[in-house]
Amino acid sequence: MMFKHNFKKVLSATAFAVALVVAPAANVSAATNDASSTQQSATATSQDQQASQDQAASQSSAANQSSATAVSASSSTSTSSATSTSTVKKTTKKAKKTTKKSKKKTSKKKAVKKVAKKTTKKKATKKAKKTSKKATKKTTKAATVAVTASADQSHATDQQDDAAKKAAEVAAKKAAAAKKKAAAKKKAAAKKKAAKKKAAAKKKAAKKSAEKAAKYWIAMRESSGYYTARNGSCYGRYQLLISYLGGNLSKKNQERTADRYVYGRYGSWVNAKRFWLAHNWY
């Protein structure tokens, strides 16, 4: 039994080592050995039965045991070879499946990575575009605000300039109107003054004329206009007292003394005439 066990172990190890390299050849060789061993075993068994019928039971048992061992070894070798081939096939198939699965997983991972990369790239591009759009929008908005502020400032400056210009024009117009008014006022005043002066001159002329006429009227009533006329103590054109003339009987002194007397007593020749008309003397 020990021999059988050791033989199985050795045969199994050898078969496993060789099966990986020459599996088909091993299968053919094993099948041939099995057939040959079976024939030899059958022939040996029949010869032993005929030749050793008389031999001892121990020899027959030993021969039977040896024959059984050989058959068992042959069966074990055949079984081991078949098992090794099947195991190799299963292992190869499993390895292929594993490789295929691994390839699929790798391909799937690559596809996932590619999709993730594309998605990340798309997200990054989208984000960059969004950021760029926001920045452009902000810049445009800032530029618009700056332009609007500049336009408002320019408009305000223009309005201020227009207002200042209008104020200057209004001030100039007012100044011109005031100047014109002042000139008109001055002219009117000058005109009024001239008119007044003219009126005064006219009045004065009229007064002078009236005075002259009144003086002439009195002279004609008193002496008929003669400077040498005499009536008692009165003498001359205006019949003044001789004492008033102070010894000077000249025409000039008579005129001067008569004016002094009338203006001193009546204020004018006109008033003196009125008095004369009322009293027939002055």
Within segment 210-249, can you find the residues that are open to solvent by 70 Å² or more (accessible area, probe 1.4 Å), more than 15 Å from W276 (Cβ to Cβ) and in a helix (DSSP H, G or I)? K212, S243, Y244
Flag if K252 is over 30 Å from N280 (Cβ atoms), of a type in the set (D, E, K, R), out of contact with any His (no Cβ under 8 Å at 6 or more places or on another chain) and open to solvent by 60 Å² or more (accessible area, probe 1.4 Å): no
When both residues are 6+ apart or on different chains and their Cβ atoms are under 9 Å apart, which pairs have a first residue that lies in segment 263-282 and is free of Cβ contacts under 8 Å to residues at least 12 places away in the same chain and among the hydrophobic types (A, V, I, L, M, F, W, C), and a second that is part of a helix (DSSP H, G or I) and open to solvent by 70 Å² or more (accessible area, probe 1.4 Å)? F275/R265
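The values are calculated or read from the model by the stated rules, or taken from the named source; none is laboratory data. Since we're looking at a predicted model, the values are computed, not measured. Note: ideal-geometry Cβ built from the backbone for every residue, glycine included; neighbour counts use all protein chains shown. The accessibility values were calculated without ligands, DNA or RNA, using every heavy atom of the protein model including side chains. Shrake-Rupley method; radii C 1.70, N 1.55, O 1.52, S 1.80 Å.
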